[in-house]
Amino acid sequence: YILDEVFTFLYLRIEASQAAEFLKKLLASIKEDVIQLERVTPDRFEKAWQMRFKYKDHPKISFTDFTSFVVMQERQIHRVVTNDRHFLHVNLGFEQAP
């Protein structure tokens, strides 16, 4: 889901040819195991779905964020580089990197 957001963001913000070139390099890095791609498995999807209901008082948190939370918990990742304050709105121990 994050990869999808990156694709969309780049095509909205920069020239299409630049976005395509960046994304080709990104996908090549994933294929070469330079960057690890974490897939949303059915189990992760279910956990994110359950989390969506648990945090029903935060309707603006996206399902993409919830899937990120699940993966981060599994991988024991606590620091996140983002300007998305939703990572701090849930009490999961995430810390926003500057």
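Values quoted throughout were computed directly from the atomic coordinates according to the rules given, and no laboratory measurement underlies them. Note that the structure is predicted; figures quoted are calculated from it, not measured.
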Inset, instruction - Just need the relative contact order of the chain here, percent rounded to a whole number, with Cα pairs under 8 Å and 6+ apart. - result: 20 percent
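Per DSSP H run of n ≥ 4, the term is -39500 (n - 2.57); total these for the chain, divide by its residue number, and report the mean residue ellipticity at 222 nm rounded to 500 deg cm²/dmol. Can you show the working numbers first?
Working: 5 runs with 58 residues, N = 98.
After summing the helix terms and dividing by residue count, I get -18000 deg cm²/dmol.
What number in nm² do you get for the range 38-84 if you take the convex hull of its Cα atoms and divide its surface by four? Don't skip to the answer; put the middle values down first.
Numbers: hull surface 13.8 nm².
About 3.5 nm², averaged over all directions.
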